[in-house]
Amino acid sequence: MEDIKTYLGHLYSADEVAKMLNIERVTCYKWLGEGKIRAMKLVGSLWRIREADLREFVEHSINEGRH
C-alpha cells in the first residue's frame, strides 16, 4: 500500500484545486471534464487530482501564457 501512496502523492479534491487556483468550482469541474487538468474520477462527481498533475497543469498554463 505504501507504494501506491508514494506513486499517487498528495491527492486534492476539485474544491481544493478551485480554491488554490482562485477559480470558480464550476470552472474547475469543467476543466476536469475536458481533461485540461489530469485527474481521477472516482464515483459520481468525485474527482481527485494528484499534486504532480496539478503542478504540471500550472507549469503548462504559465508557459502557454508566455507565448
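Among the residues of region 42-58, those that are of a type in the set (D, E, K, R), more than 13 Å from CYS28 (Cβ to Cβ) and open to solvent by 50 Å² or more (accessible area, probe 1.4 Å) comprise GLU51, ARG55, GLU56. Within region 5-18, which residues are charged (D, E, K, R) and either loosely packed, with under 13 Cβ neighbours inside 10 Å or touching a helix residue (DSSP H, G or I) at 6+ places or on another chain (Cβ under 8 Å) (or both)? Those that are charged (D, E, K, R) and either loosely packed, with under 13 Cβ neighbours inside 10 Å or touching a helix residue (DSSP H, G or I) at 6+ places or on another chain (Cβ under 8 Å) (or both): LYS5, ASP15. Cβ-Cβ contacts under 6 Å between residues 6 or more apart (or on different chains), taken from a first residue in region 41-56 that is farther than 11 Å from ASP15 by Cα to a second residue that is open to solvent by 70 Å² or more (accessible area, probe 1.4 Å), are listed as GLU51/HIS10; ASP53/ARG38. Each residue in region 14-47 was checked for being under 17 Å from SER61 (Cα atoms) and hydrophobic (A, V, I, L, M, F, W, C), and 10 of them qualify.
Return yes when SER61 is open to solvent by less than 60 Å² (accessible area, probe 1.4 Å), among the polar types (S, T, N, Q) and free of Cβ contacts under 8 Å to residues at least 40 places away in the same chain and no when it is not. So SER61 fits the description; yes. For the residues TRP31, TRP47, the requirement of being of a type in the set (Phe, Trp, Tyr), modelled with pLDDT of 95 or more and in contact with a strand residue (DSSP E or B) (Cβ under 6 Å, 6 or more places away or on another chain) singles out TRP47.
The values are calculated or read from the model by the stated rules, or taken from the named source; none is laboratory data. Computed from a prediction, not measured in an experiment: that's the story for all the values here. Note: ideal-geometry Cβ built from the backbone for every residue, glycine included; neighbour counts use all protein chains shown. Areas reflect the complete protein model, heavy atoms only, side chains present, ligands, DNA and RNA absent. Shrake-Rupley method; radii C 1.70, N 1.55, O 1.52, S 1.80 Å.
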